[in-house]
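Below you'll find the structure, written out as structure tokens, and then a few comments.
Any read-out appearing in this document is the output of simple, stated calculations on the displayed coordinates, not a laboratory observation. Because the structure is a prediction, the values reported are computed rather than measured. Please note: Cβ atoms are built from the backbone with ideal geometry, for glycine as well, and neighbour counts cover all protein chains shown.
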2 protein chains.
Amino acid sequence: MQNFEFYNPTRVFFGKGQIEQLDGLVPSDAKVMVLLGGNSARATGTLDEVKAALKQRDVVEFNGIEPNPTYETLMEAVAAVKASNVDFLLAVGGGSVIDGTKFVAAAALYDGDAWDIMTSFGAKVQAAMPFGTVLTLPATGSEMNKGSVVTRKSLKSKLPFMSNHTFPQFSVLDPTKTYTLPARQIANGVVDAFVHTTEQYLTYPVNAAVQDRYAEGLLQTLIEQGPQAMATPEDYEIRANIMWAATSALNGTIGAGVPQDWATHMIGHELTALHDIDHARTLAIVLPSLLRHTKETKKAKLVQYAERVWGIKTGSDDEKVDAAINQTQDFFESLGIRTRLKDYGIGESDIDALLSQLGKHGMVALGEHQSIDLESSRKILLGAR
Amino acid sequence: MQNFEFYNPTRVFFGKGQIEQLDGLVPSDAKVMVLLGGNSARATGTLDEVKAALKQRDVVEFNGIEPNPTYETLMEAVAAVKASNVDFLLAVGGGSVIDGTKFVAAAALYDGDAWDIMTSFGAKVQAAMPFGTVLTLPATGSEMNKGSVVTRKSLKSKLPFMSNHTFPQFSVLDPTKTYTLPARQIANGVVDAFVHTTEQYLTYPVNAAVQDRYAEGLLQTLIEQGPQAMATPEDYEIRANIMWAATSALNGTIGAGVPQDWATHMIGHELTALHDIDHARTLAIVLPSLLRHTKETKKAKLVQYAERVWGIKTGSDDEKVDAAINQTQDFFESLGIRTRLKDYGIGESDIDALLSQLGKHGMVALGEHQSIDLESSRKILLGAR
């Protein structure tokens, strides 16, 4: 096991009816800005439920945070915060709304050009406004971590930042709020959580027994319950397990003391920025090809993955690894998520532009060994055609 | 899954050399009381290392917190805190020193009879002094939770309390500090962590998929690595895994959203209070008999435990359950921990006094169904002869 620091002060309220906890969580004299994505929180009644729970508090809304939240939109929210006396932010939505709210919380108190927050990967954040979240879409884990990803449209740049100042104070997770999600979003959420887990698990062994078992448990849960979540949308227990698995995949627990990869995410971000593909779908495209490209350096963990997660006990190590990667790709396809660039109309001629963006963002030494240079990224993308 | 709240703000620094982090964690102008158990932190050099890391800070020591820390001793520490201008507490030791420090932190600021803290199970705690811990003995998980168990010798009462005010601000976990522990203490720690896990896992199913997989991962880790930890005391990786498994077993993660038992602990506490048996040994005595006594109501989880943790795939459900309980008991014995009352000189004639203490402490409806009354406790104790 590697040395680590673990810290996660977010308070989670999980279950049916937990939105009513907001009254005890938001200061009673707060002026609250509720940040929202599209229209779904309004259409489903979740927004009304949130406002009812906030009781006498003065509430303003900021609507229109996009999937892959943009700097351009978020800076409008920052301006609205500064123009008012809002002193508490409440994200109501999925990972994009929560990521966006983290940026707003930090940018509202940042002295200087707020894009510095992104180019410093969060290192320049010295403070942030207090905020909480009401999660409606299980996927990113943003509701219980300090990270955020923001896209600057004008630069076609999608970058992550992290700061100890941008943990939500609390997050409310009510699985019934996921009942109305389109199947596409549930599938995306399952794949997102799955790949968050593999980024922290499929590297090289450091004998971190607990973290490995936990990661395997999350993958097994997603494999078992992901298809059920799509088949029976109003099965509370299944939705609860998917929701908690997604949060658990990126709350720091499985990543403590182990090497981490994240190359799939960094390459995937460029696919979203240039081709507007759903985040989870970019991961489903990149991961199988990346695992095939790196299977020699990842072999020990891939064999463990094959045996423990997929129950593949026979064959040579190479056969186990190949079977596990194929089953992973088949699992994504079984959820209705296509895993080839060509399924999204992307061909070999598009790869140079993707590599150019990776270069521009400094993504030239990715992976747990920092060995995925632009030439490796090219091979991974070629392998994903 | 049941509704739950999860909150754990303790900052963990894990690994070799992490004691030097203390300088950044304790306020630079703090007057620090270091709380200690016996002589081991002094003898092994850990205390010197702690003092060196605390640099210029004014440090006083409080020595002599016992295994099963007593109210009587802890009130001396409270008096010493009040008589000085100590404003930060630092526990250096195992779970007893940390539990004791939690009580001191709360009692020093409590207005009234400090024993109220115990009889209210912590409900009356409104504030506590800030404190951190340097863990030297992996077992109780106290380093990353808000609970504590204190014994009042004069009453032969051993009671737990919990409060959101008594989370350590930070805990330093350096596995090398466990190298010098006697084998007996490592064995106790493995059993303690094991039974913490079963208390939160061996109840009835609520389809909490992640929590179940996590609990099974902890049990598998303890079964695999516990014997190795005793055989090769200076194997860093094994000691690291045992240490992190013990912390993870009681930091709230596996217990969120699931029913919990804790009857083994409550019955075990009386064995310690009346007969001075090591805490972990009381658990090893009570658990197998309790599982046999409650196997009908716990059957579904016991079958899952047999299959997933012990790999018992053949036979009827009853045969699987019986085999799993036997293997559990054998596992404890294999660590050198005796599992029968008679091994500790306790016979049938001692049982009435134990039941009388359980009654006195209100422990008359124990377990996840509150169905273990004094008659059931009698049968469990009779079964453990």
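Numbers for the structure displayed
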{"item": "Kirkwood hydrodynamic radius of the protein assembly as shown, Cα pairs, Å", "result": "27.4 Å"}
{"item": "Rounded to 5, percent antiparallel among DSSP beta bridges of the stretch A:11-177", "result": "20 percent"}
{"item": "Alpha-carbon Rg/Rh ratio, for chain B, with Rh computed the Kirkwood way", "result": "0.96"}
{"item": "7 Å along Cα→Cβ, label-point gaps from B:Ala83 to other copies, nm, shortest first", "result": "6.4"}
{"item": "Listed residue pairs exceeding 27 Å between alpha carbons, taken from A:Lys102/A:Lys177; A:Lys299/B:Lys299; A:Lys102/A:Lys156; A:Lys146/B:Lys301; B:Lys102/B:Lys177; B:Lys51/B:Lys82", "result": "A:Lys299/B:Lys299; A:Lys146/B:Lys301"}
{"item": "Rel. contact order, % - alpha carbon contacts under 8 angstrom, at least six apart, the stretch B:11-177", "result": "28 percent"}
{"item": "Inter-copy spacing of B:Lys153 label points, which lie 7 Å from Cα along Cα→Cβ, given in nm from shortest upward", "result": "7.3"}
{"item": "Cβ nearest the rotation axis (B onto A), residue from chain B and distance to the nearest whole Å", "result": "B:Pro9, 2"}
{"item": "Förster radius 51 Å - calculated FRET efficiency between B:Lys153 and A:Asn207 (Cβ-Cβ, nearest 0.05)", "result": "0.75"}
{"item": "Cα centre as origin, Lys/Arg/Asp/Glu Cβ charges: the stretch A:183-383 dipole, Debye", "result": "160 debye"}
{"item": "Estimated distance in nm for a label pair at B:Ser334 and B:Asn3, the labels positioned 7 Å out from Cα along Cα-to-Cβ", "result": "4.3 nm"}
{"item": "Helix-only mean residue ellipticity at 222 nm for chain B, each DSSP H run of n ≥ 4 adding -39500 (n - 2.57), per residue, nearest 500", "result": "-14500 deg cm²/dmol"}
{"item": "Percent antiparallel among DSSP beta bridges (both partners in chain A, rounded to 5)", "result": "25 percent"}
{"item": "Tail fraction, Cα-Cα pairs, the stretch B:1-131, threshold 21 Å, whole percent", "result": "44 percent"}
{"item": "Relative contact order (percent, whole number), the stretch B:183-383, Cα cutoff 8 Å, 6+ residue spacing", "result": "26 percent"}
{"item": "Inter-copy separations for B:Gln370, label at 7 Å along Cα-Cβ, nm, ascending", "result": "5.9"}
{"item": "Percent of beta bridges antiparallel (DSSP, the protein assembly as shown, rounded to nearest 5)", "result": "30 percent"}
{"item": "Residues of the stretch A:5-29 with amide N under 19 Å of the 7 Å Cα→Cβ point at A:Ala123", "result": "A:5"}
{"item": "Rg/Rg_ref, the stretch A:183-383, where Rg_ref = 2.2 N^0.38 Å and atoms are Cα", "result": "0.98"}
{"item": "Charge dipole (debye, nearest 20) of the protein assembly as shown; +1 at Cβ of Lys and Arg, -1 at Cβ of Asp and Glu", "result": "20 debye"}
{"item": "Normalised contact order of the stretch A:155-279, rounded percent, pairs of Cα under 8 Å and 6 or more residues apart", "result": "38 percent"}
{"item": "Given charges at beta-carbon only (K, R positive; D, E negative), |dipole| of the stretch B:73-220 in Debye", "result": "280 debye"}
{"item": "Span-rule helices in chain A, defined as complete DSSP H runs reaching 15 Å or more along the axis (Cα) with Kyte mean at least 0.5", "result": "A:71-83, A:95-107, A:279-293"}
{"item": "Ordering of B:303-313, B:280-290 by burial proxy (mean other Cβ atoms within 10 Å per residue, highest first)", "result": "B:280-290, B:303-313"}
